[in-house]
Every structure is written in structure tokens, then in C-alpha cells.
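Below is one structure, written out as C-alpha cells, with a few remarks after it.
The values are calculated or read from the model by the stated rules, or taken from the named source; none is laboratory data. Note that the structure is a prediction, hence the values are computed from the model and not measured. Positions of Cβ are generated from backbone atoms using ideal geometry, with glycine treated the same way; all protein chains shown enter the neighbour counts. The area values use the complete protein model at the heavy-atom level, side chains included, leaving out ligands, DNA and RNA. Shrake-Rupley method; radii C 1.70, N 1.55, O 1.52, S 1.80 Å.
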Amino acid sequence: SKTPVRVAVTGAAGQIGYALLFRIASGEMLGKDQPVILQLLEIPDEKAQKALAGVMMELEDCAFPLLAGMEAHADAMTAFKDTDYALLVGARPRGPGMERADLLAANAQIFTAQGKALNAVASRNVKVLVVGNPANTNAYIAMKSAPDLPAKNFTAMLRLDHNRAASQIAIKTGKPVSAIRKLTVWGNHSPTMYADYRFATIDGASVQAMINDQDWNANVFLPTVGKRGAAIIDARGLSSAASAANAAIDHMRDWALGTNGEWVTMGVPSNGEYGIPQDIVFGFPVTCEGGEYRIVEGLEIDAFSQTCIDKTLAELQGEQDGVRHLL
Ligand code: NAX
């Protein structure tokens, strides 16, 4: 049987953690033949550590055959030791009266420290997924704080936006979500993201031609996908957790095991593709093979799409300029 791999998860006692860990341990992320060792990080706070211990009791009680080990940590330097995968879920939420700059600064501190720890102790091939918001900028900070690791190892989660867009298209067209190909979401994980079905197909037919309604695209589809997180908070009284965990599983599984040529969306550092400046962590269409992702290049960007991409890029540049002095 395979050698166990090490999977670090931060914010492990939080709501996404609770929806995520059991699926990693059951083999849904890395395959039903891949044993895992969970290296779980929470803040040193007594309540958080106690809650983490409770989650670990439940993980034990599942008796997962693939769960080869499990550790609780309060320090990134030990939590990330030799880790092959790192899911950075824990982040500082916006508190009452907190300004955007304060939020960026609080998260810059967390992701600088975690980037440095990954740089120091993680596997040199570690695959990092940042879920904690602002996800793209937090991934950028971690990447910049880990100069000895390849920049391409740092990614941000746009997959929830991608999956939300896919379901809205399935509902609109009356076709199964599994039949949709070549969908993508450009930019920041925020309401400015640009979900783009211009290239999408269902059973070989163009989704754009099937829907044929630019008004629906601009005034229904994009706002529905962009504000979905807020709609869920409004309805549930809590932010998306199970769907976010599901997207994290999808992102890591596809990165590790491949997409067989299909497009998925990942937030990855730009190498200048589509005019996005170097190192900006941006949602792009990618395919994955052999443990590597590749940005789909050469797509035509029409005027409407360019406006949308410029807007989400401007927001990201604002965030990343706002933290540069902290790095
Ligand atoms: P919770 O508040 O339930 O859990 C977060 C946990 O992280 C807490 O237990 C906290 O103690 C821990 N934590 C905080 N700072 C930490 C640190 N420095 N090291 C280790 N642990 C730390 O939040 P939850 O609902 O689980 O959401 C987690 C993050 O995901 C938030 O930042 C949230 O905004 C973000 N999201 C990102 C999404 C995406 O698509 N990229 C969608 C869902 C979600 O909103």
C-alpha cells in the first residue's frame, strides 16, 4: 500500500474544518488508496485547542482506514513539518467596526508567519491552498514569505465560485451540472470575480448560444454568483462551510490527481497571462496533470470580459499594494 502523505489544515476547529477533515480522512481528496496523516493547527487559545481535541475524538470515532495519524498543533512551525499538502483555512474574520486595512494587516501577520513556516519546514513540493479570506491576497502574502519554495506551489480557492457558476448554468439550461465543460472564473474570490461561460459547452453545444441572453448574464448570473456568499449568510446565519469544504476537496483532488484535460478554476500566481501582472494571485482556467496545473492560454477576451477582468484585477492590486509594506 502507499506511503502516507502529510496534510496540514489550519483553522481545523472552525466550521469549514468540521466539514473538511472527515472527507480528507475518508479519501475523497487524495484517493481511496492514499493514507493520510492530519497535522491540525489552531490558535493557542484554550477554547480553540479544546474544540480541536473534540474534532479529533470524532475523527478517531470514524475509524477511517486511511487515517494513518493525527496531530494537534498550536504553532505553524510544527504543524507544517514535512507537510505535502497545506490547506490554510484559518484567518482573521472582520470584527465589528474593523476597517478593511485592519483586516488586511491582521491577515498579513498570520499569512506572513505561515508562509515563513512553510518555507522553513514543509516538503519542497508542498501544495498550498489558501481558503481563508481575503484568499487571493493571503496566498500572495504566504507565497512572498516563502522565497525558497516555488511560487507555483501557492494557490487560492476560486473553486467555490466556479461550482456556484456551474450550478446556476445547470439550473438555467435544465442540463446536468456534470455535463458542463470549459467554464471559468477570472480574478479575485470576491463579488468582483468574473464567471465566464463564453467558452462553456454542454454535450458539445455552446452554453452562450443556449442561453443567448446578455442581460441575464450581466444582471442575474454574475450578481447571483458574486453575492452568493452573502445570500448564504443571510439565509443560514452562518457563512458557507460545507460548500466551501467541498470546493477545497475538489481543488486539491484535481491538482493532485489531474483533470483529464477538463478545465477547472484555480487562483494561481500569474506569469503575465492575459495581461495580469506577474505574481498577482488570480483566478484562471487551468487543466491539471501529473500534479501540476497549467493555465489555459490563448482565449479571446472581448470588451465586456476585459472590463470585468480589469475591475477584479484593480481590486486585487489594491489589496496587494495595501500589504506590500508589511511583507
Ligand atoms: P470559523 O471562524 O468557523 O473558523 C476559523 C478557525 O480558524 C477558527 O477556529 C479560528 O480559531 C482559526 N484560526 C484563526 N486564526 C488562525 C491561525 N492564525 N492559525 C490557525 N487557526 C486559526 O471560519 P470558517 O467558516 O471555517 O471560515 C474560514 C475562512 O474561510 C474565513 O476566512 C472565511 O472568510 C473563508 N472562506 C473562504 C471561502 C473561499 O471561497 N475562498 C468561502 C468560505 C469562507 O467564507
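In this simple spin-label approximation, D102 and N125 carry label points 7 Å from Cα along the Cα→Cβ vector, and these lie 4.4 nm apart.
Largest accessible area first, the residues R294, R6 order themselves as R294, R6 under a 1.4 Å probe with ligands, DNA and RNA left out.
Amide H to amide H distances under 5 Å link G258 with G291, where only residues 5 or more positions off or on other chains count and H is placed in the peptide plane.
Length gained on full extension, D82 to N271: 65.3 nm, using 0.36 nm per residue less the C-alpha separation.
Residues R23, R159, sorted by accessible area with the largest first, give R23, R159 [1.4 Å probe; ligands and nucleic acids excluded]. Among complete DSSP H helices in the chain, those whose alpha-carbon atoms stretch at least 20 Å along the helix's long axis and whose mean Kyte-Doolittle hydropathy reaches 0.0 are 100-121, 242-257.
Based on Cα contacts under 8 Å between residues 6+ apart, segment 261-327 shows a relative contact order of 24 percent. Magnitude of the charge dipole for the chain, about its Cα centre and with charges confined to Cβ atoms of Lys, Arg (+1) and Asp, Glu (-1), is about 200 debye. Rolling a 1.4 angstrom probe over segment 193-327 with all protein chains present gives an accessible area of which 49% lies on carbon and sulfur atoms. The helix-only estimate of mean residue ellipticity at 222 nm for the chain, built from DSSP H runs of length n ≥ 4 each weighted as -39500 (n - 2.57), is -13000 deg cm²/dmol after division by the residue total. Ranked by the mean number of other Cβ atoms within 10 Å per residue, highest first, peptides 295-302, 271-278, 181-188, 35-42 order as 181-188, 35-42, 271-278, 295-302. Expressed to the nearest 5 percent, the antiparallel share of DSSP beta bridges inside segment 101-235 is 70 percent. Projecting the Cα atoms of A122, V177, Y85 onto the charge dipole of the chain, computed from C-beta unit charges around the Cα centre, puts V177 farthest toward the positive end.
Each residue of segment 177-186 was assigned a 3J(HN,Hα) from its phi angle through the Karplus curve 6.51 cos²θ - 1.76 cosθ + 1.60 (θ = phi - 60°); the sequence is 4, 5, 8, 7, 10, 6, 9, 8, 10, 8 Hz, with glycine and proline shown as x. Sorting S240, S1 by solvent-accessible area of protein heavy atoms yields S1, S240, largest first, with a 1.4 Å probe.
For segment 53-166, the solvent-accessible area of protein heavy atoms averages 40 Å² per residue (probe radius 1.4 Å; ligands and nucleic acids excluded). Here the chain carries DSSP beta bridges of which approximately 45% are antiparallel, counting only pairs with both residues inside. Amide H contacts of V130: L88, T155, A156, M157, each under 5 Å away and 5 or more positions distant or on a separate chain (H built 1.01 Å from N in the peptide plane; Pro and chain starts excluded). Taking 18 Å as the straight-line reach from the Cα of K227, the lysines in range (excluding those fewer than 8 positions away in the same chain) are K172, K311. The modelled label-to-label distance for the pair K311/L257, using points 7 Å beyond Cα in the direction of Cβ, is 3.7 nm. Spacing of the modelled spin labels on A74 and D45, each 7 Å from Cα toward Cβ, amounts to 1.3 nm. Under the convention that each Lys and Arg Cβ holds +1 and each Asp and Glu Cβ holds -1, the size of the dipole of segment 30-88 around its Cα centre is about 60 debye.
When the Cα positions of Q39, G95, M57 are compared along the charge dipole of segment 7-106, G95 comes out farthest toward the positive end, with charges on each C-beta of Lys, Arg, Asp and Glu. At an R0 of 30 angstrom, the distance between the Cβ atoms of M57 and I211 translates into a FRET efficiency of 0.05. With 0.36 nm allotted per residue and the present C-alpha distance subtracted, the D203-S178 stretch has 8.0 nm of extension available. Evaluating 6.51 cos²θ - 1.76 cosθ + 1.60 at θ = phi - 60° for every residue in segment 70-76, the Karplus couplings come out as 7, 9, 9, 9, 10, 9, 4 Hz, glycine and proline recorded as x.
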